[in-house]
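Below you'll find the structure, written out as structure tokens, and then a few comments.
The values are calculated or read from the model by the stated rules, or taken from the named source; none is laboratory data. Here the structure is a predicted model, which means the values were calculated and not measured. Note: ideal-geometry Cβ built from the backbone for every residue, glycine included; neighbour counts use all protein chains shown.
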Ligand SMILES: NC(=O)c1ccc[n+]([C@@H]2O[C@H](COP(=O)([O-])OP(=O)(O)OC[C@H]3O[C@@H](n4cnc5c(N)ncnc54)[C@H](O)[C@@H]3O)[C@@H](O)[C@H]2O)c1
């Protein structure tokens, strides 16, 4: 099936980036959120992102303007998904919320629409388990920041059809990213490895290491492009904590989130999105 219209549910850090890369590739995009202010923020984020690409000579001003014109925002869920060939859900990392959205998608979407989730760690089969059919449900795990990161994990649930995988892979390639197939266990490939790294980092901070030293060590000695404290601030501490909790539930005690990680989440020290994590942000 050919994908022309993409609907994105959740206009946060990820949803707005997904809107930007989809619009640049020529898709008509509808971005929806329960928060009107978040939709305004997303539009400004995309405008800023396109502006930077023009400054760097990667897009012409005309291409940036036509990309922006392809993004509509809407606060009506039913209206925004009814015409979509591909839906990408990017709301908070919460199983019940995602399951509710997928149940609604089954009601409002065209029967052939591909229904993707950008979940970081929740098994796709479990999200789809509340639906009548899981054949068109798939994981499309973008990395943060979406416009810059080249890889996208594609996660096939137990019931996902070959057609759904083929249509999703074609979409990911058309937006200029590399699809990587990951098996449907909590955390897939990327979150499973990175969440453990970030949780271990929290333990080391409790033992007295300074965030800036951990980051410099991993950047200068291990060649990581970004140390784990900066990474945790970028991803959001709550996302890493949910990832660990999901993996602990499915894969065992080894994945228990460190109590200090939980405390930081409760204190709102999520990172860039709240302006304060290990570092301060404007
Ligand atoms: N932040 C990352 O680095 C990262 C990376 C990969 C995947 N993810 C995943 O992407 C998803 C979104 O993460 P984020 O960091 O963009 O979160 P975020 O908190 O920045 O944005 C979530 C958005 O969802 C909206 N929302 C909540 N309930 C909604 C509903 N019922 N309908 C429509 N919108 C609703 C919120 O208003 C908010 O704007 C999560 O599943 C997360 O695990 C995040």
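For the criterion of being touching a strand residue (DSSP E or B) at 6+ places or on another chain (Cβ under 8 Å) and either farther than 24 Å from residue 162 by Cα or in the same structural domain as residue 81 (by TED's automatic domain parsing) (or both), residue 16 passes. Just one of the listed residues (181, 189, 202) is more than 14 Å from the ligand (Cβ to nearest atom) and either surrounded by fewer than 20 Cβ atoms within 10 Å (Cβ to Cβ) or in the same structural domain as residue 150 (by TED's automatic domain parsing) (or both), and it is 181.
Criterion applied to 11, 7 was being within 14 Å of the ligand (Cβ to nearest atom), touching a residue at least 40 places away in the same chain (Cβ under 8 Å), buried (at least 20 other Cβ atoms within 10 Å of the Cβ) and in a loop (DSSP other than H, G, I, E, B), and the one residue passing it is 11. Among the residues of the range 219-266, the ones that are part of a helix (DSSP H, G or I) and either surrounded by 15 or more Cβ atoms within 10 Å (Cβ to Cβ) or not assigned by TED's automatic domain parsing to the domain that holds residue 196 (or both) come to 27 in all.
State whether one or more residues within the range 55-63 are within 14 Å of residue 21 (Cα to Cα), more than 13 Å from the ligand (Cβ to nearest atom) and surrounded by fewer than 17 Cβ atoms within 10 Å (Cβ to Cβ). There is at least one residue in the range 55-63 that is within 14 Å of residue 21 (Cα to Cα), more than 13 Å from the ligand (Cβ to nearest atom) and surrounded by fewer than 17 Cβ atoms within 10 Å (Cβ to Cβ). Reported count of residues in the range 20-37, each being within 11 Å of the ligand (Cβ to nearest atom) and under 16 Å from the mean Cα position of the chain (by Cα), is 3. Quick one: would you say residue 124 is under 30 Å from residue 278 (Cβ atoms) and within 16 Å of the ligand (Cβ to nearest atom)? Here the answer is no, as residue 124 does not meet what is asked. Does residue 73 satisfy being touching a strand residue (DSSP E or B) at 6+ places or on another chain (Cβ under 8 Å), modelled with pLDDT of 95 or more, assigned by TED's automatic domain parsing to the domain that holds residue 167 and in a loop (DSSP other than H, G, I, E, B)? Judged against the criteria, residue 73 is not a match. For the range 30-52, a tally of residues being touching a residue at least 40 places away in the same chain (Cβ under 8 Å) and either in contact with a strand residue (DSSP E or B) (Cβ under 7 Å, 6 or more places away or on another chain) or surrounded by 15 or more Cβ atoms within 10 Å (Cβ to Cβ) (or both) returns 5.
Listed here are the residues, each with its yes/no results for (1) surrounded by fewer than 19 Cβ atoms within 10 Å (Cβ to Cβ); (2) part of a helix (DSSP H, G or I).
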site: 97; (1), (2): yes, yes
site: 100; (1), (2): yes, yes
site: 110; (1), (2): yes, no
site: 116; (1), (2): no, no
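Of the residues making up the range 1-13, those that are in contact with a strand residue (DSSP E or B) (Cβ under 7 Å, 6 or more places away or on another chain) and within 28 Å of residue 275 (Cβ to Cβ) are 8, 9, 10, 11.
Can you tell me which residue in the range 76-95 is nearest to residue 241 (Cα to Cα), limited to those that are near the ligand (Cβ under 9 Å from one of its atoms) and either touching a helix residue (DSSP H, G or I) at 6+ places or on another chain (Cβ under 7 Å) or in a strand (DSSP E or B) (or both)? It comes out as 93.
In the range 162-174 there is no residue that is in a loop (DSSP other than H, G, I, E, B), modelled with pLDDT of 95 or more, outside the structural domain of residue 243 (by TED's automatic domain parsing) and surrounded by fewer than 23 Cβ atoms within 10 Å (Cβ to Cβ).
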